[in-house]
1. Under 6 Å between Cβ atoms, which residue pairs at least 6 apart in sequence (or on different chains) link something in segment 187-214 that is in contact (Cβ under 8 Å) with a residue 12 or more places away in the chain and assigned by TED's automatic domain parsing to the domain that holds residue 149 with a partner that is of a type in the set (S, T, N, Q) and within 15 Å of ligand 1 (Cβ to nearest atom)?
2. If you go through segment 325-359, how many residues are more than 20 Å from residue 270 (Cα to Cα) and among the small types (Gly, Ala, Ser)?
3. Give segment 153-173 a look and list any residue that's on the phi > 0 side of the Ramachandran plot and within 16 Å of ligand 1 (Cβ to nearest atom), or say none.
4. Which residues, taken from segment 154-165, are out of contact with any His (no Cβ under 9 Å at 6 or more places or on another chain) and either loosely packed, with under 12 Cβ neighbours inside 10 Å or more than 16 Å from residue 118 (Cα to Cα) (or both)?
5. Of (1) modelled with pLDDT of 50 or more; (2) out of contact with any Pro (no Cβ under 9 Å at 6 or more places or on another chain), residue 91 satisfies all except one. Which?
6. Of everything in segment 174-189 that's of a type outside the set (Asp, Glu) and surrounded by 12 or more Cβ atoms within 10 Å (Cβ to Cβ), which residue is nearest to ligand 1 (Cβ to nearest atom)?
7. Need the failing condition index for residue 251 against (1) out of contact with any Gly (no Cβ under 9 Å at 6 or more places or on another chain); (2) away from ligand 1 (no atom under 16 Å from the Cβ); (3) in contact (Cβ under 8 Å) with a residue 12 or more places away in the chain, just the number.
8. Quick check, is residue 3 over 26 Å from residue 145 (Cα atoms), under 20 Å from the mean Cα position of the chain (by Cα), of a type outside the set (Asp, Glu) and modelled with pLDDT under 75?
Amino acid sequence: MSNDYYKILGVEKSSSDEDIKKAYRKLAHQYHPDKTGGDEKKFKEINEAYQTLSNKEKRAQYDRFGNTAQGAGGPGGFGGFSQGGFDFQGGDFGDLGDIFETFFNGMGGQQKRRTYAHGSDMEMVQEITLEDAYRGIEKNVTYKTNIHCAQCKGLGHDAKATFSQCKKCDGRGEVRETRSTFFGNFAQVRTCTECHGVGQIPDKRCSSCSGSGVVRGEKKIAVKILPGIADGQIIKMVGAGEAGERGSQEGDLFLHVRVKPHAIFSRQDDHLIIEKEIQLINLLAYFSDSEAHPIYVTTISGGKLALDIPRDFTFNKPFKVTSEGMPHFNRSGKGDLFVHFKIVPPHKMSKDAKRLLEELRNEMR
Ligand SMILES: [Zn+2]
Ligand SMILES: [Zn+2]
């Protein structure tokens, strides 16, 4: 995986919380963007790694699943594939946020000027087959979302526009209003809708997006799903969510991977389980000459495998075929395939068959 958090922090997988903290402090100090020799990208990486590894739950999840698999590709890319219909908006908790912001501001916090609204994160579901999960697959996903306005390149106004002070907010970018809420009345500060918080109004607003810099549109991304992915695992596609107002930061896309149930295999972690019906007579034939009467089992890779069942095998337990299960997501190797035999008696027997069976019984006594 490209972002190995342990590698980024230069620690072992077995490192203690204390060691991780120490490593993080040292590196954060070294790469802080304000310092000479600082490196903003590296600094962000280090922080991301530390946020996960310093949290017990997140670390355990990361150890198990490699966190959220960072999809390759990103925005742009493929066309042609349409999953159709997925367009979940993130919940809008904006109002509640406003209330608390006002509340804390009122308690002597700093009054901070709002910037443009960032793009919201999005969530979508991607269904894949067990075979897809076995091999890994690149899915092209198309969905409706807010995208940057092409006409103004996300600026919201003509490139040569001149500006004048916004009359609605007198150039403050915010308006005050009193709101009654469940908690009582609040004097609330809201971003001015007229100037989008800038305090200035361009003489020529973009006609296509009426000044917000975003329009409704379609995004197409290629998502790389790695072999061994589990049902319910989430892939985070950075920047693939909604576009932000006027070129501000884009949201992320969280793709929930759903592995569809399989017709013949069931999955238990990285092991696969299959039920195999076998006629009693074929079982006897197998043990008489396994090359002439092989017993085959289907594998997830699409092949047929001749089983090598030892003579002393007891059929009341599953037969294990090593490394024919799912690939491990985060390390090399594969799980196993467990074959549950179901031995089927003959439906009906002819007179000849009964006579032959009697002969066989006497022979084998
Ligand atoms: Zn525009
Ligand atoms: Zn205004």
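1. Correct list of pairs: 206/151; 208/151; 214/146.
2. Going through segment 325-359 one residue at a time, the tally reaches 2.
3. Across segment 153-173, the qualifying residues are 153, 154, 156.
4. 157, 158, 159, 160, 161, 162, 164, 165, listed by residue number.
5. (1)
6. Step by step, filter segment 174-189, then rank; the result is 175.
7. So the condition that residue 251 fails would be (1).
8. On the way: over 26 Å from residue 145 (Cα atoms): yes; under 20 Å from the mean Cα position of the chain (by Cα): yes; of a type outside the set (Asp, Glu): yes; modelled with pLDDT under 75: yes.
Taking the combined requirement at face value, the residue satisfies it.
The values are calculated or read from the model by the stated rules, or taken from the named source; none is laboratory data. Predicted model only: the values in this text are computed from it and were never measured. Every residue, glycine among them, receives a Cβ derived from its backbone with ideal geometry; neighbour counts consider all protein chains shown.
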